[in-house]
Structure formats: structure tokens, C-alpha cells
Amino acid sequence: MIDSARLGLPEFAPGHVWLVGAGPGDPGLLSALALHALDQADSIVYDALVDPRILRLARPGAALDYAGKRGGRPSPSQPDISARIVRLAQAGKRVLRLKGGDPCIFGRGAEEALALAAAGIPFRIVPGITAGIGGLAYAGIPVTHRDTNSAVTFITGHNSTGAVPDGLDWESIARGAPVLVLYMALKHLPVIVERLLAAGRRPDEPAAIVSKASTPEQQVLVSTLGEIAAASRTAETPAIVVVGEVVRLRAGLNWLGALDGRRRDPDPLERCRQR
């Protein structure tokens, strides 16, 4: 698939586990190490958010082992997934643990790596392009611009129990970064919006939801913080929510729309007033 020797890529040895980020969806965003792992792995344990086009890049004969976790649906527990990976490695398999986005950004990659370390299994972590950066770029929304923000905050929309994250200082979050990027937040978006508004964020601040980012089914809803929860009722998962002035830049940076012959996305739900 790729010239591993020319690139000086490391050996994927039997009994080893590679924790690899598959990016937000587009196979073109895979790293060389990710492609190398797909070409070498004996067993691929993959998440629900891994695009099917990426799985088709696996070498012939590789075993595909689904370990998806989706909210509200029967899913394997995290300890069960970690134990499965350990067993495969102990059986001498080259195990590719393939995770959507980046394995260590709200992806439980660290938990799985700690389980491997405890079992004495050699492993490698291969970062991927997280949806909060790559997905927004595909929507024409940069996470930073020197005229709008010099900081960005990534926030998960739910904790390990599925509830709104507790222990967060919402006032500090609201004041601390001009741009907020929310992962897995659609279910609790009305509560999160309420907390951000109570902490001082403006209701007319631009906000957007990017669903199925970087895939052919990508959808972008642009609104305001005060109205984004209502707009989210039509949004599909997986989705990223972004709040901040960078959302206004989509009007000029919607490069996917330009490739389709459109100057900008004509979505009727777009409510963000351009300055």
C-alpha cells in the first residue's frame, strides 16, 4: 500500500498493539502510520465512528472486530474491549485498535493503553486528526484566527455516566476562551447552552453544528448560541458543535461548497448575521 521502507516506518510486530486514530471520516486524512498499520494488522478492533471506506483499506485476510460504543444502544463495556485487545495480543496477533478521530481526545485511548501496560503488552499510540479540528476545517470553520481568538477550549458533552460533565467551572469556560468546541454534545445541548448563557456568553454569538464531518453526508447548521439548541433537533450524529466568532468565517471559507459550484451553503437554518 505504501513504501514502508522508504519512509522508515517501524515494524508492526506480532503480539503488539497499535492504538491508531482514523480521523473524522475522509480516508485521505489517514496518516502514513495508520495506512501502514492497516496493511500489516492481523486483527482490527474498530469503533463505530470509523468510516467504512477506511476498513476497506485493511489487508486481505485481516479479521475485522467491531467494538463500537454508541449512546443509547447496547455496547460492549470499556473493560471488555480492553480485555479483548489484550487477549488478541497475547495470542500473537498484530492488533490494530482503530478509533475515530484521535485516540486520546475524548477517545478512551489512554484507558486502553493503561490496560495494555498493566498486562505487559507492547503498544504504540498513533495520533489522528480529531473532529474538532479536521471536521471544522471541512466545514470551512478554522478553530483559530488571529483576528478573533488566540485560545480554544475542547469540551466533552457528557461524562462517563452519560450525564452533563460535572465539576466543570462553566463561568471560567465561558470567559476563558473565545472559541468553544463541544464533542458529543447534542443530547445535552440545551443544558450546556443554558449554562454558557448564564455564565455570560452572548445569545447572538455565532454557533454551528457539523454532522458527519468530512464524509459525503456532511451537514452544517449555522445559527447563534441562543438558537443552536433548537436547530440541533434536525442534526445527525456524530456531530461537533462550535461556538465563537470563527463561525462567521465559514461564509468565505466554505471550500467544499465552492468545489460544488456554490459560493456558500444555502442551508435555510443558517441564521448567523454576517457583519
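Worth a mention:
- Kirkwood hydrodynamic radius over Cα pairs of the chain, then Stokes diffusion coefficient at 25 °C and 0.890 mPa s, in µm²/s: 124
- Percentage relative contact order, region 4-129, counting C-alpha pairs under 8 Å, at least six apart: 41
- Expressed to the nearest 5 percent, the antiparallel share of DSSP beta bridges inside region 18-163 is 10 percent.
- FRET efficiency estimate (nearest 0.05) - Cβ-Cβ, residue 117 to residue 227, R0 35 angstrom: 0.15
- Overall Cα dimensions of region 87-176 - principal axes, largest extent first, Å: 53, 31, 19
- Across region 101-107, rounded Karplus estimates of 3J(HN,Hα) from the backbone phi angles (6.51 cos²θ - 1.76 cosθ + 1.60, θ = phi - 60°) give x, 10, x, 10, 10, 6, x Hz, Gly and Pro being marked x.
- Here the simple spin-label model places points 7 Å from the Cα toward Cβ, and for residue 217 and residue 83 these points are separated by 3.2 nm.
- Antiparallel bridge percentage (DSSP; both residues within the chain; nearest 5): 45
- Around residue 51: net Lys/Arg minus Asp/Glu count, Cβ-Cβ under 13 Å: +1
- FRET efficiency, residue 175 to residue 2 (Cβ-Cβ, R0 51 Å, nearest 0.05): 0.65
- Shown here: region 4-129, whose C-alpha atoms stretch 43, 32, 27 Å along the first, second and third principal axes, sorted largest to smallest.
- Overall form of region 115-238 per C-alpha gyration tensor (a/c, 1.5; a/b vs b/c): prolate
- Segment residue 48-residue 166, extension gain: residue separation times 0.36 nm, minus the distance between their alpha carbons: 39.9 nm
- Gain in span if fully extended, residue 124 to residue 91, counting 0.36 nm per residue against the direct Cα distance: 10.1 nm
- The chain: most fluctuating residue of 217, 194, 236 per GNM, C-alpha cutoff 10 Å: 217
- Dimensionless Rg over Rh [region 197-263; C-alpha; Kirkwood]: 1.00
- Efficiency of FRET from Cβ geometry, residue 234 and residue 153, R₀ 22 Å, rounded to 0.05: 0.25
- Each of 94, 124 has some number of other Cβ atoms within 10 Å of its Cβ, and from fewest to most they run 124, 94.
Bear in mind these aren't lab numbers, they're just calculated from the coordinates by the rules spelled out. Note that the structure is a prediction, hence the values are computed from the model and not measured. Quick reminder, even Gly has a Cβ in these numbers, built from the backbone with ideal geometry, and neighbours come from all protein chains shown.
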